[in-house]
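What follows is a set of notes on a single structure, which appears directly below.
Bear in mind these aren't lab numbers, they're just calculated from the coordinates by the rules spelled out. Please read these numbers as outputs of a predicted model, since none were measured by experiment. Note that we place each Cβ from the backbone using ideal geometry, even for glycine, and neighbour counts take in every protein chain shown.
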Amino acid sequence: MTELRNVSFQAVELDALAETEGRVAVFLPAEGTMSPGARRVNRLSKGAVARVVESDAWEKLAVGQMISLGYPAGMKASAVDLVKLPRRPQVSEARKAGAALAKAAGKTAVTVLCENTTRVEDLALGLVLRGYAFTQRKSDPSEMPAPATVMCKAPDEAATAFEVARAVAEGVTFTRDLVSEPANVLGTVEFADRLLALKDLGLEVEVLEEDKLAELGMGAMLGVGQGSAMPSKIVIMRWKGGEGDPLALVGKGVVFDTGGISLKPAGGMEDMTMDMGGAGVVAGVMKTLAMRKAKANVVGLVGLVENMPSSTAQRPGDIVTSMKGDTIEVINTDAEGRLVLCDVMWYAQEHEKPKAMIDLATLTGAVIIALGHENAGVLSNNDALANQFLRAADAEGEGAWRLPLGKAYDDQLKSLKADMKNVGGRPAGTITAAQFLQRFVKEDMPWIHLDIAGVAQTTGETALAPKGATGWGVMALDRLVRDQFEAE
Ligand code: BES
Ligand code: MN
Ligand code: ZN
């Protein structure tokens with residue numbers, strides 16, 4: 001597992017600055033007013049800070065970005081980072097500034113002069129999240145980044161505030177690691193083992209094995225896994241920190257999606273190691289909730305399968321019976337995520353009595369066509385819950401955009417032979433996938449479907465992540481739990 005960079009909080013010690021090694025970061029508001037720390041660095045560097053803040057480059061700089069001075073005269077530091085940041089930054093600005101520092105620092109030690117700047121914990125969160133690197137599968141895994149030292153006015157308060165942010169960062173990191181792992185390392189068995197290890201944090205973890213899934217009548221989910229040598233599993237994680245019925249989070253955990261007999265083309269197929277992204281986010285949120293001892297009841301359920309073509313694989317045209325009892329004609333074995341989710345979602349409603357249910361899945365390529373890598377698709381039967389989620393995602397800087405549901409879309413799923421088909425044709429592929437899922441949502445169950453195919457992993461860096469797995473959704477869902485499901 002990837003370890004977070006160590007961050008410690010200390011009182012401001014200006015006299016130590018000349019001798020500080022690694023990088024030293026200083027914050028300056030747009031107008032360039034210097035804090036005592038900035039003045040000290042300016043003096044040590046013989047006026048370099050003043051020259052920067054008077055430059056055109058400084059004027060053009062966006063908030064949260066920085067100009068770096070390499071090997072400044074009069075200091076032992078290898079660089080001084082001058083970050084444009086108001087004394088009272090917004091959450092997103094503080095996180096961005098932390099991310100900019102992490103990106104520039106790589107593994108070098110950083111000393112951040114926060115002084116009176118507020119939202120120090122968000123700055124530190126940006127720093128640890130952007131500093132993530134998945135190096136575990138290298139023969140020579142690179143060393144841990146050197147610690148970061150934050151010098152601020154109230155270090156004890158900052159350290160306490162960072163405890164919550166650190167729980168969030170641990171959850172996001174857990175998700176990123178799971179999403180980054182290839183399927184030969186993280187098969188269904190290994191995935192379940194990593195979730196079982198969460199017991200150490202006080203989560204209740206239960207694994208349903210294949211025979212149990214068969215006994216429950218989960219023909220839809222089992223059909224997907226039947227071509228693979230790996231056993232299909234459902235893992236249930238319960239965090240009992242509050243009162244009443246839980247919020248259920250359900251994740252698609254296809255450890256690898258070849259498409260099955262409806263085989264995907266070879267080009268880019270390796271990306272389907274991330275097809276367990278929904279399950280990865282559910283696991284990350286559960287880890288965060290446990291680490292910060294959330295005062296809420298939340299249950300996470302993930303359906304773990306591998307979608308392979310083989311002599312035992314399901315065929316196009318097969319008709320399977322779901323746990324709910326509805327029959328499904330499998331037109332395309334590559335539309336497997338919904339077949340997994342429908343049984344896990346039904347199980348969640350029958351056995352966990354949730355008051356609301358949110359499922360996450362890398363479900364359709366169509367959502368990437370619609371929303372790119374900027375926003376996840378949000379589909380819901382409940383405006384209040386959907387709006388609460390959209391607000392939470394916005395507050396955490398995670399893109400989310402609502403798409404409609406409707407009967408006409410649902411009609412695209414009509415089958416001649418069975419109760420429904422598993423695909424609705426090319427038009428509105430993300431919506432028809434959600435319509436399929438909605439058939440497995442009980443009448444008055446508030447429900448959100450999040451299609452994260454475009455946001456779970458990206459080819460370019462994002463605000464708080466290097467390229468690769470993002471952990472999208474852990475922060476938004478943790479925020480939703482904090483704002484809507486937690487007792488005071
Ligand atoms: N796992 C894929 C969706 C996906 C595509 C995720 C690209 C991440 C990036 C899903 O199982 C799938 O194959 N969906 C099909 C559905 C189609 C057959 C109706 C798709 O989107 O092409
Ligand atoms: Mn597929
Ligand atoms: Zn898939």
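Assorted remarks:
- Taking every C-alpha pair closer than 8 Å and separated by at least 6 residues, the mean separation divided by the residue count of the chain gives a relative contact order of 15 percent.
- Inter-site label distance for Asn184 and Asp245 at 7 Å from Cα along Cβ, in nm: 4.6
- Partnerless Cys - the chain, beta-carbon criterion under 4.7 Å: Cys342
- Net lengthening on full extension, Asp326/Arg402 (0.36 nm per residue, minus Cα-Cα): 24.6 nm
- Rounded, prolate or oblate (a/c below 1.5 giving rounded, otherwise prolate when a/b exceeds b/c) for the range 218-329 by Cα gyration tensor: oblate
- Count of Lys pairs (Cα-Cα under 22 Å; at least 8 positions apart or interchain) in the range 7-154: 14
- Mean Cβ neighbour count within 10 Å, used as a protection proxy, ranking 389-400, 218-229, 68-79 highest first: 218-229, 389-400, 68-79
- Each part reduced to its alpha carbon centroid, the range 213-248 and the range 170-189 end up 18 Å apart.
- Residues of the range 75-95 with amide N under 17 Å of the 7 Å Cα→Cβ point at Ser55: 78-85
- Computed FRET value (nearest 0.05) for Ala487 with Arg391, which takes r as the C-beta separation and R₀ as 25 Å: 0.80
- Efficiency of FRET from Cβ geometry, Glu461 and Thr312, R₀ 35 Å, rounded to 0.05: 0.30
- Convex hull volume of the C-alpha atoms in the chain, normalised per residue: 147 Å³.
- Highest mean packing comes first when the peptides 141-153, 275-287 are listed by Cβ atoms within 10 Å, giving 275-287, 141-153.
- Prolate/oblate/rounded label for the range 356-488 (Cα gyration tensor, a/c 1.5): oblate
- Peptide ranges 119-130, 434-445 listed from the most packed, as the mean C-beta count within 10 angstrom indicates: 119-130, 434-445
- Prolate/oblate/rounded label for the range 1-99 (Cα gyration tensor, a/c 1.5): oblate
- Distance between modelled label sites at Gln136 and Thr160, nm, 7 Å Cα→Cβ extension: 3.4
- Each stretch of four or more DSSP H residues adds -39500 (n - 2.57); spread over every residue of the chain, this sum gives -10000 deg cm²/dmol at 222 nm.
- Ranking Gly284, Val250, Pro446 by Cα position along the charge dipole of the chain, where only Lys, Arg, Asp and Glu carry charges on their C-beta atoms, puts Gly284 farthest toward the positive end.
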